[in-house]
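Where a number appears in this text, it was derived from the coordinates with a stated rule and is not lab data. This structure is a prediction, so every number in the text was calculated from the model and none was measured. Note that each Cβ is placed from the backbone with ideal geometry, even for glycine, and that neighbours are counted across all protein chains shown.
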Amino acid sequence: MSSSRSTRPFTPFILLGGTIVGFCAITYLFLSFSDTHFVHIFSSKQHRAREWSPIPRYVSLEQSTQVFNGSFQQKTIYRQPPSPETDQAWHDLGIMYGPVLIAEDDASTFGISQDHYSVSDGQSSHAYPAHVEVLHQLHCLNLLRKSLFFNADYYRQQQHEEFVNEGEILETHITHCLDIIRQRLMCTADVGLVPYFPVIHADGRHSTTPDFSRPHSCRNFDAIRRWGEEHKHDELGHQEHG
């Protein structure tokens, strides 16, 4: 009798626990099915609609392995001191391309609403100017490069592009770009690993150095840039390219 009495108080907790587990399992199955079903419908209509872009319809997003140049000493053209050659290398990445035009019928497919700015297509409908995200992000990275303390004087003296502005306007532009890149890095959240090489110094000391030249799975940026170049409308300007 004492044994029966001691186990009885646990019965409600067992029932409650079973109910919670069952509810969670059903919810998980429902959400899994709903998400899969939603993606299937969304993607079949929009060709990888989660990209929010027409580009996957025309450019393969298949990835290939590329080894980053993580060297401290072997500087690419993008790390060189300010010069017309350095600036041209950055411009060749497509950072100054005019916007592409998204047809009115396709706008909602790519998350563009009637509240966004549109232009007449010369007929009976409108089109929406839009920049390709990666090109804007590279524009932002280039602005951070130009804003580095050892580069900024050069661009100020020339009043180069964004540096025609001063003070708060320029500062706001720079910090906007900084935060855009922060959000993008956190969004993609690279989980690759950076190991270390052992180093023996001339004086016999032992240390390590990180191996930043690691393989990564990368999209074909050149193909994406070419699409942006082929579809850009420079006559529309940069639409306040922030």
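Return the residues of region 55-103 that are closer than 21 Å to VAL194 by Cα, touching a residue at least 40 places away in the same chain (Cβ under 8 Å) and either assigned to a strand (DSSP E or B) or basic (Lys, Arg) (or both); say none if nothing qualifies. Residues satisfying the conditions are SER64, THR65, GLN66, VAL67. Scanning region 172-189 for residues that are more than 18 Å from VAL132 (Cα to Cα), out of contact with any helix residue (DSSP H, G or I) (no Cβ under 9 Å at 6 or more places or on another chain) and surrounded by 11 or more Cβ atoms within 10 Å (Cβ to Cβ) yields a total of 2.
Reported count of residues in region 149-197, each being touching a strand residue (DSSP E or B) at 6+ places or on another chain (Cβ under 7 Å) and of a type in the set (D, E, K, R), is 0.
The strands (runs of 3 or more DSSP E) found wholly in region 169-242 and carrying at least 3 residues that are touching a residue at least 60 places away in the same chain (Cβ under 8 Å) occupy 215-218.
Every listed requirement among (1) assigned to a helix (DSSP H, G or I); (2) over 16 Å from ILE77 (Cα atoms); (3) under 29 Å from the mean Cα position of the chain (by Cα) is met by LEU144 save one, (2). Going by the conditions given, is SER213 under 23 Å from the mean Cα position of the chain (by Cα) and farther than 14 Å from GLU133 by Cα? So SER213 passes the test. Total residues in region 147-160 satisfying the condition of being within 22 Å of ASP179 (Cβ to Cβ), in contact (Cβ under 8 Å) with a residue 40 or more places away in the chain and not in a helix (DSSP H, G or I): the figure is 1.
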